[in-house]
Amino acid sequence: MKLIIKQLKLKVMKKLLLNTVTILSLAILSSCSKESSTPLPITKSSIIGKWKKIKTVEEGNEKTLSNCSKNAVYDYNENDTLYTTYPAEHCGVLSTNKVKYVISEQNGQGTIFTYGTENIKFLNANSFELSDNDEVETYQRQ
């Protein structure tokens, strides 16, 4: 009888150990970051389309975007032209700015030139960041 009890205890301990190892393995695997550490390629075709600004961080502090800034549409065209449209209902008057842009990559670092040169980093296919010395702006594809 004592032998049967020892065998049962051993089986229970093995199952508990196996379950514990399985749970810990799943926890470790699910906690791994899904974001790639490899930067997305910076190409002209990556930025073509309409974008909206979703966040501005200046000197480490997130700034509240005005309704005008939140609703402005940044349209990067294939002909190297950026059209920025500010809708009248949020900005008081409808206006569109037009400027040429140049996007480039060198040694994995991207830059874009519009009104000035800024660093560009694609977070994924639907969002990118523009940064200069003390400001980072995040844009999302529309």
Once Lys and Arg are counted +1 and Asp and Glu -1 for all other residues with Cβ under 15 Å from that of residue 69, the total becomes 0
Counted charge near residue 84, where neighbours are those whose Cβ lies closer than 12 Å (Asp, Glu -1; Lys, Arg +1)
+3
Need one word for region 44-141: rounded, prolate or oblate. Basis is the Cα gyration tensor (sqrt eigenvalues a ≥ b ≥ c); a/c below 1.5 gives rounded, then a/b vs b/c decides.
oblate
Could you tell me which residue out of 64, 92, 111 lies farthest along the dipole of region 44-141 toward its positive end? Charges go on the beta carbon: Lys and Arg +1, Asp and Glu -1, centred on the Cα centre.
92
5 angstrom amide H check on residue 42, placed H, neighbours 5+ away:
none
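Bear in mind that the values in this text are calculations on the coordinates, not laboratory data. Nothing here was measured: the structure is a model prediction, and the numbers come from that model. Please note: Cβ atoms are built from the backbone with ideal geometry, for glycine as well, and neighbour counts cover all protein chains shown.
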